[in-house]
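Quick one: the structure is below, questions incoming.
The values are calculated or read from the model by the stated rules, or taken from the named source; none is laboratory data. What you are looking at is a predicted structure, and each value in this text was computed from that prediction instead of being measured. Heads up, the Cβs are rebuilt from the backbone with ideal geometry, glycines too, and the neighbour counts pull from every protein chain shown. Heavy atoms of the whole protein, side chains included, go into the accessibility calculation; ligands, DNA and RNA do not. Shrake-Rupley method; radii C 1.70, N 1.55, O 1.52, S 1.80 Å.
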Amino acid sequence: ENKNLPFVVEFAPDLPPFLVSDPKRLQQILKNLVSNAIKFTTQGHVEVRVGLASEGFSREHPELSQAAQVIAFAVEDTGVGIQAEMLPKVFEVVAPSSS
């Protein structure tokens, strides 16, 4: 509100009624991503999208291999962004599956 930024949260209509996760860790991650998005955005918007994941994760992961569906959380903003060389240090990069 202080920055007068539109903040939108969008849920895909095909989401399951519940998800299995570590709620404390999920909350911590989302709070961190959203607070950084707001912190580094002076104009534009901040948006959170929640939907079914179709890519960007590995089915070989012990937990995800057992999941019927995988949920993706995306935080988008119009802030300054992260320098390309810093991305591997900030995020785990998962190679696309070849299957």
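Residue 9 - would you say it is within 12 Å of the chain's Cα centre (by Cα) and surrounded by 12 or more Cβ atoms within 10 Å (Cβ to Cβ)?
No; evaluated as a whole, the condition is false for this residue.
Also: What is the one condition in (1) at pLDDT below 95; (2) touching a Lys or Arg at 6+ places or on another chain (Cβ under 7 Å); (3) of a type outside the set (S, T, N, Q) that residue 10 does not satisfy?
(1)
A further question follows. Name every residue in the range 1-22 that is under 25 Å from residue 81 (Cβ atoms) and either part of a helix (DSSP H, G or I) or among the β-branched types (Val, Ile, Thr) (or both), in order of residue number.
Result: 8, 9.
Between residues in the range 28-41 that are more than 12 Å from residue 3 (Cβ to Cβ) and without any contact (Cβ under 8 Å) to a residue 12 or more places away in the chain and residues that are β-branched (Val, Ile, Thr) and part of a helix (DSSP H, G or I), which pairs lie under 6 Å by C-beta distance while being six or more apart or on different chains?
none
If we keep just the residues of the range 36-69 that are in a helix (DSSP H, G or I) and over 16 Å from residue 91 (Cα atoms), which is most open to solvent (accessible area, probe 1.4 Å)?
Ranking the candidates gives 66 first.
Could you tell me which numbered condition residue 89 fails, if it satisfies all but one of (1) modelled with pLDDT under 90; (2) part of a loop (DSSP other than H, G, I, E, B); (3) exposed (fewer than 14 other Cβ atoms within 10 Å of the Cβ)?
That leaves (2) as the condition not met.
Inspect the range 23-30 for any residue being in a helix (DSSP H, G or I), surrounded by 10 or more Cβ atoms within 10 Å (Cβ to Cβ), among the aliphatic types (A, V, I, L, M) and in contact with a Leu (Cβ under 9 Å, 6 or more places away or on another chain) and give the result as yes or no.
yes
Among (1) within 12 Å of the chain's Cα centre (by Cα); (2) open to solvent by less than 60 Å² (accessible area, probe 1.4 Å), where does residue 81 come up short?
Only one criterion is unmet by residue 81, namely (1).
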